[in-house]
Structure formats: C-alpha cells, structure tokens
Amino acid sequence: MDVEKLEKEENEENQRRILDRVSRDLPVMCQTAARGARYCEKCCHIKPDRSHHCSACGTCVLKMDHHCPWVNNCVAFTNYKFFVLFLGYSLLYCLFVAATTVQYFIKFWRNELTEPGRFHILFLFFMAIMFAISLASLFCYHCYLVSVNRTTLESFRAPIFHTGPDKDGFNLGHYNNFIAVFGENKNHWFLPLLPSTSLADGVVYPTRTPQGNCYNSMGNTQTSCAIGDGISFPQRMIAEDQDDLLIGRQRWVDDGELEGVQIPEGSSRPSAIPRCNSNDPV
C-alpha cells in the first residue's frame, strides 16, 4: 500500500518519488515549492489542486479561501458563493438602516430630538455605519478575488505549477471567473442557491495557459490538454457519488467500482487518492 510505504520510508527523496508516482494517476497540477506532490500528512492523501488543510476544522478543504470564525466554518468551494452573497446582503442592510436613521441623527445634532429612545437610535445609526464600512471593504476585496478567480490564500501565496508560481494560473477572464463561482443560470446568480457550472467541480479546475504536463486518472501523461483559447482542462474519470472532500458531487472512481463504466482500449485502471482513516492499519 502506498500510504504504508510512504510512512515507513525515511528518505525524503524516496518519499518524493512515491508521491510523484501516485500523483501521475491523479488530476493534479499544483506542486510544492520543492516541485513535489502536495501531500497532507494529517489526512494521509494527496491534496487536490487549490485545497488546503484547515487546522480548525481538522480536515482538508476544497478550494479553501479562509476559516471564518464568524460563521464557525471554512469559506471554500461549496459555500463561497453564499459567503459573497452574505457580505452583499449584509452591506445593503447596514446601508438601509443608516439611511433610515440619519434623519434622527440630524435632529439630535440640532437639539430637536427629545424622545426617550433617541440614544438607542443614535447607537443603531453609528453601528450601521461602522459595520457598513468594514463590510464594504471586505465585499469589494472578495469581488476582486472572484473577478480574477483567486482565493485569499492564493493571493498571499501563489499556486506553483510545472512552469513555476503563477497567481493568475486559474484566471479565465472576468466573465468565466464569475460563472465559476455563481453558476451559469443567470436567474440564480443573486439567490442563495447552489451554482451549476461546468468550469469547476471542486477537484479539477481549468487553467489559463496549458501546463508542461497534464495528468489524468487514466494513467496517461498528456503533453497538452488545451481546449479553446488558452484554457486547459485536465481529464479524469469520475463517478456520480459521495466523497468526503466533495459532498454531494463527483469523486474519483476507486478500484472495484468500474462496473458499467466504459474504459477506452489501451487505458489503465484509474486510481483513487491514497487516504487513511482510524480503521486503516498503519
């Protein structure tokens, strides 16, 4: 088993070779600074592109943006649209409250407000203004991140491809970047509904420029996976099922689950991400 070999191996070079051999069968293009596969020692699997391990949640999170203590959860692939909408809705609400109470602030300033609850209204006005300022800055920042298809973590540390670090590696243009987050149905863009898009599934993401090597889960190394104008789409075999990292969406096919799946001639069987749990021998 690859996980057991990796844990028993003490030489770093041999560990890197094991990870590189396993990663060839997986649709991953991001690497570490040492040009090795991104492996999570706590979750015991190779990290999908744009995923990171959250110490607060205790698991790897797909397309992790940041861990938000206000919602007590990670803002990531499955809820990033809802987070951006939450910021927008909250900002509009604070502006509405400030606009409807500013008249009472003006009356108080002119000593024309004598009602007993005048201090409560003033407190509400100033709180709405302060929250509106903080929400406006955060909302505008995440609108910028959506426009360039970048996460907060990627804005501080650029993802490393075969060609080197590139902050704009996943930038597909403003419109495609927006579609990747909010979905292709225009009627659902500003509603808290799950987005439906073909540009990303949480594991595989199209890139701005073709990378040097593009691996797929069929075990074949492709020199070019470009489709369209400078956008490359890594290929892989998938099964409609449940996965612990991608809830309610697609996951890689494990060995022994190929009944009914058509495999092209000359292709090898797909391999799953090596992972371990409390019941696996180590």
Discussion item. I'd like to check something: does region 114-122 contain any residue that is out of contact with any Leu (no Cβ under 6 Å at 6 or more places or on another chain), exposed (fewer than 14 other Cβ atoms within 10 Å of the Cβ) and among the hydrophobic types (A, V, I, L, M, F, W, C)?
Written reply: yes
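In region 31-43, what count of residues is obtained for those that are surrounded by 18 or more Cβ atoms within 10 Å (Cβ to Cβ) and more than 20 Å from Thr78 (Cα to Cα)?
Looking only at region 31-43, we keep the residues that are surrounded by 18 or more Cβ atoms within 10 Å (Cβ to Cβ), and these are 31, 37-39, 43.
Pick out the ones that are also more than 20 Å from Thr78 (Cα to Cα) and you get 31, 37-39.
Adding up the residues that qualify gives 4.
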Worksheet, complete the sentence: Across (1) at pLDDT below 90; (2) more than 18 Å from the chain's Cα centre (by Cα), Lys186 clears everything bar (1)
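In region 81-112, which residues are among the aromatic types (Phe, Trp, Tyr), open to solvent by 30 Å² or more (accessible area, probe 1.4 Å) and touching a residue at least 24 places away in the same chain (Cβ under 8 Å)?
Phe82 - this is the single residue of region 81-112 that is among the aromatic types (Phe, Trp, Tyr), open to solvent by 30 Å² or more (accessible area, probe 1.4 Å) and touching a residue at least 24 places away in the same chain (Cβ under 8 Å).
Of all residues in region 142-191, which are among the aromatic types (Phe, Trp, Tyr) and in contact with a Phe, Trp or Tyr (Cβ under 9 Å, 6 or more places away or on another chain)?
Phe170, Phe178, Phe182, Trp189, Phe190
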Fill in: When residues of region 153-197 are limited to those that are within 21 Å of Gly36 (Cα to Cα), touching a residue at least 12 places away in the same chain (Cβ under 8 Å) and among the aliphatic types (A, V, I, L, M), the one least open to solvent (accessible area, probe 1.4 Å)
Ile160
Worksheet item: If you check every pair at least six apart or on different chains, which have Cβ atoms under 8 Å apart with a residue in region 114-130 that is within 13 Å of Thr100 (Cα to Cα) first and a residue that is β-branched (Val, Ile, Thr) and open to solvent by 100 Å² or more (accessible area, probe 1.4 Å) second?
Response: none
Worksheet entry | Counted residues, region 128-152 - those being open to solvent by 20 Å² or more (accessible area, probe 1.4 Å) and part of a loop (DSSP other than H, G, I, E, B) | 1
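Please go through region 21-50 and give me each residue that is at positive phi and over 16 Å from the mean Cα position of the chain (by Cα), ordered by number. Before you say what the answer is, go through the steps one by one.
Within region 21-50, the subset at positive phi is 35, 44, 50.
Matches in region 21-50: Arg35, Cys44.
The values are calculated or read from the model by the stated rules, or taken from the named source; none is laboratory data. Values in this document were obtained by computation on a predicted structure and should not be read as measured data. Ideal geometry is used to build each Cβ from the backbone, glycine not excepted, and the neighbour counts take in all protein chains shown. Please note that ligands, DNA and RNA were not included when accessible areas were found on the heavy atoms of the full protein model with its side chains. Shrake-Rupley method; radii C 1.70, N 1.55, O 1.52, S 1.80 Å.
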